[in-house]
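The block underneath contains the structure these notes are about, expressed in structure tokens.
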Amino acid sequence: MSQFIDADDLALLASSFEAAMADAPGPSEADQAMYDLGWAELLASAPGQGAATAFSALGATGSAASLLDDVVANALGAETALQSCCVFPTPHKADAPGRLRGDTVIVDGLLSARAETAVTTVLGVVTESGVGHFAVDAGLLHGPAVDGIDPGRAYRRIVVEIPAEALEPTASEGSWESAVATARVALAHQLLGGARWMLGEARQHAIDRAQFGRPVAQFQAIRHKLAESLVQIEGAASVAGACLHDPDPMLAALAKSLAGQAARTTATHAQQVLAGIGFTAEHRFHYWLKRMLVVDTLFGSASSIPVEIGQHLLSEGTAPRLIQL
Amino acid sequence: MDPETFRRDLGAWLDDNANDLTPPYEGIGSMDAHMAHYSHVKRALFDSGFGRYGWPESVGGLGGSPLLRAIIGEEINFRDLADPNAWTMIEVLAPTVIDFAPPELSARLVPPFLRGDEMWCQGFSEPDAGSDLASLSCRAAETDGGWVVNGQKIWTSFIEYSQRCVLLVRTGQPESAHRGITALLVDIDSPGISYSPIETMHGRRDFAEVHFDDVFVPSDRLLGEVNGGWRVAMDILPYERSTTFWHRGALLHRRFSDLVAQVSAAGNRGDAAAKALGQAFQWIVAFRSRSRDTQHQLAAGEQLGVETSVDKILITSAEQQLFETARDLLPGVMEFDDDLAAALWRNDYLYSKAATIYGGTAEIQRNIVARRLLDLGPES
Ligand SMILES: Cc1cc2nc3c(=O)[nH]c(=O)nc-3n(C[C@H](O)[C@H](O)[C@H](O)COP(=O)(O)OP(=O)(O)OC[C@H]3O[C@@H](n4cnc5c(N)ncnc54)[C@H](O)[C@@H]3O)c2cc1C
């Protein structure tokens, strides 16, 4: 029942998503506004395009909306609802966050802001027979509040043990592997939305800021930093876009890693171009920088995914021909 | 013909004719051997019909999408059947000549080029005009029935093997910059042309220094308009960065796969090696994905422009990263070994250093991205 949405409708959706998330005072209001705009239905009918559009807007606005919960739940075939959240893998990893040990489950992972109000949690658990996913009473997963680097507190780390009997089987049949691939592509779009925002800020600053009697945009060192950022963003964006027509998990992994790398490069260059003002708490730059650092670690990072891919290639002894004309 | 059927039929034909199409030399081979085999493969492809797809019927082609040409080079490079650098000349020069030459001229001259019976070269750079191409000074003066060319070119690849050259000459005042440049299609055997090969640092005679001493070029060899040569040169750039890049991307992909096989066979399964490979691979794939988008724009008849500088930066970065990774993960091999595989790694490593120089340097590409894609205004 997946359908394709045409470009004009997508552009309209993108701007209404951006406006809704930019206006919302906090993550739960942003989630509510997205649901009011039909986000859950969009995800059900056009998951690839829907997530790409929403996550680009998420990155561009710097919103802490908990849309990743919906994307992962939908990919696992679980219910998407405002009262429902997911546990995400521990930073830099993509393994299911739960591990069954006897009659307890060790949960080591991340929760989004949605977890504070959710009633049920979807938890992926590594068991002897593979990875399964279960519904768990959200109250069981309350850990200590942690601030972390991100002032928007989009995600926090939890390490808790819960009794195995708290796992309620679900009827849904999505695989953990495909949920990982789906999450990675969505997060790639978020990273790229954020990177484009950072590049836009730095570009405008370079044009507006004059030193030595001219805009700093006239200095080649500045121009090349911004050019390098754009090239990495476009390269990564092309791969993230290709994932829409190609569900290959390796391509999704590459999209996430490339987007993380593009965001890292852009953040470094934008920081340097913004200089003193960009180092202040007053300038908005640091919100995007810190969110980028957090999102980069989700479901594998630009540091960890290349290891994962390289190990896979080494065990195969050859590289697959990805991307067909 | 639809691209997938074409790829399948071509693949079957290449496999059936593998004996005939595989290079007779092992490893790197001499430049002469490369060029001879390149012509042989081109001719076989042309005569089988495959090599005529994607080119207009007016120049001996069978029509169809330029995607078909992208596919040929991809399959040839994945199988390592012919020299990819020689191949670039046709993809770089033929489309522009078809766009700008009088139709009778291209109908006569382009078919032997497509069939590999001829080689052409590109005479743009001069000793004092590298990145600043618009400052070139090789002059053409109007004379009865044509032009008389005097001056010098340098780094002209493949001229030793070429019959013709797309030449940029100054026809306006010396200070006329890009407004006073004209493009001519010149026969290399014209009296007054002499050249001396220059050996590259990877030990090949890839290019040469060329002198023009009262060389007569008939007026029907004009490409585009008088003083309109800059347009011709600018038309070439997007071609240089579409089909040929797809071909080269296939070569890089194959070499990457070779590297994975060698590292894997050597038993190096550490995370550091894995990470370096993963990082090299991701940029090869990023380039390939970007280039795929570009191939489809070209096939849809869109005018390619400055955004192909992004493709250029991506492929050159991917290429250099790949061969630096090879140097790291095959420790000492390219420095100290002399077997075929080592010689190839050494060759490709050294040649990768040219990637950020030819076809517009890395810095010039970043200038273009900053000015035209980021709209940062003029430089100081
Ligand atoms: C393998 C190979 C094959 C080639 N084949 C051909 C061919 O077939 N036909 C042909 O015509 N030419 C060919 N060339 C020449 C090539 O196009 C030139 O080398 C290239 O344009 C650069 O010119 P240059 O070497 O004179 O360097 P220069 O232009 O002198 O540059 C020197 C350095 O200054 C930098 N620089 C220059 N201007 C700027 C600027 N505005 N901003 C920032 N940095 C700048 C450059 O990036 C470079 O790092 C070939 C070159 C190579 C290496």
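Evaluate the following for A:His224: is it at the interface with chain B (Cβ under 7 Å from one of its Cβ atoms) and farther than 25 Å from A:Ala44 by Cα?
yes
Of all residues in the range B:329-348, which are open to solvent by less than 30 Å² (accessible area, probe 1.4 Å), away from the ligand (no atom under 14 Å from the Cβ) and under 26 Å from B:Thr88 (Cα atoms)?
Hits for the range B:329-348 are B:Ala342, B:Ala343, B:Trp345.
Need a quick list: helices (runs of 4 or more DSSP H) entirely within the range B:268-380 having at least 1 residues that are at the interface with chain A (Cβ under 9 Å from one of its Cβ atoms) and touching a residue at least 24 places away in the same chain (Cβ under 8 Å).
Correct list: B:271-299, B:308-329, B:362-368.
If you take the residues in the range B:198-216 that are more than 19 Å from the chain's Cα centre (by Cα) and open to solvent by less than 40 Å² (accessible area, probe 1.4 Å), which one is nearest to the ligand (Cβ to nearest atom)?
Of everything passing the filter in the range B:198-216, B:Val210 is nearest to the ligand (Cβ to nearest atom).
Here's the yes/no breakdown for (1) away from every other protein chain (no Cβ under 14 Å); (2) more than 25 Å from A:Ala65 (Cβ to Cβ); (3) in contact (Cβ under 8 Å) with a residue 40 or more places away in the chain:
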{"residue": "A:Leu274", "(1), (2), (3)": "yes, yes, yes"}
{"residue": "A:Phe279", "(1), (2), (3)": "yes, yes, no"}
{"residue": "A:Phe285", "(1), (2), (3)": "yes, no, yes"}
{"residue": "A:Arg291", "(1), (2), (3)": "yes, no, yes"}
{"residue": "A:Leu298", "(1), (2), (3)": "yes, no, yes"}
{"residue": "A:Ala302", "(1), (2), (3)": "no, no, yes"}
{"residue": "A:Ile305", "(1), (2), (3)": "no, no, yes"}
{"residue": "A:Gly310", "(1), (2), (3)": "no, yes, no"}
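Can you tell me which residue among A:Arg203, A:Arg157 is over 24 Å from A:Glu79 (Cα atoms) and either charged (D, E, K, R) or assigned by TED's automatic domain parsing to the domain that holds A:Val72 (or both)?
When all the criteria are applied, what remains is A:Arg203.
Are any residues in the range B:349-380 open to solvent by less than 30 Å² (accessible area, probe 1.4 Å) and more than 13 Å from the ligand (Cβ to nearest atom), and if so, which ones?
Of everything in the range B:349-380, those that are open to solvent by less than 30 Å² (accessible area, probe 1.4 Å) and more than 13 Å from the ligand (Cβ to nearest atom) turn out to be B:Leu374, B:Leu376, B:Gly377.
Counting just the residues of the range B:98-126 that are in contact (Cβ under 8 Å) with a residue 40 or more places away in the chain and within 11 Å of the ligand (Cβ to nearest atom), which one comes out surrounded by the fewest Cβ atoms within 10 Å (Cβ to Cβ)?
B:Phe124
Sort out for me the helices (runs of 4 or more DSSP H) sitting completely within the range A:249-325 that have 1 or more residues that are small (Gly, Ala, Ser) and within 24 Å of A:His224 (Cβ to Cβ).
A:249-278
In the list A:Val231, A:Val239, which residue meets the criterion of being closer than 23 Å to B:Glu363 by Cβ, buried (at least 19 other Cβ atoms within 10 Å of the Cβ), of a type in the set (Val, Ile, Thr) and within 7 Å of chain B (Cβ to nearest Cβ)?
Going through A:Val231, A:Val239 in turn, the sole match is A:Val231.
If A:Ala22 satisfies all but one of (1) among the hydrophobic types (A, V, I, L, M, F, W, C); (2) farther than 25 Å from A:His245 by Cα; (3) buried (at least 19 other Cβ atoms within 10 Å of the Cβ), what's the number of the condition it fails?
Answer for A:Ala22: the failing condition is (3).
Only residues that are open to solvent by less than 10 Å² (accessible area, probe 1.4 Å) and under 19 Å from B:Arg290 (Cα atoms): list them for the range B:43-71, please.
B:Leu68, B:Ala70, B:Ile71
Please state which of the following conditions B:Ala272 fails to meet, knowing it meets all the rest: (1) in contact with a Gly (Cβ under 8 Å, 6 or more places away or on another chain); (2) surrounded by fewer than 18 Cβ atoms within 10 Å (Cβ to Cβ).
(1)
The values are calculated or read from the model by the stated rules, or taken from the named source; none is laboratory data. The structure displayed is predicted, hence computed values, not measured ones. Heads up, the Cβs are rebuilt from the backbone with ideal geometry, glycines too, and the neighbour counts pull from every protein chain shown. Calculation scope for accessible area: heavy atoms of the full protein, side chains included, ligands and nucleic acids excluded. Shrake-Rupley method; radii C 1.70, N 1.55, O 1.52, S 1.80 Å.
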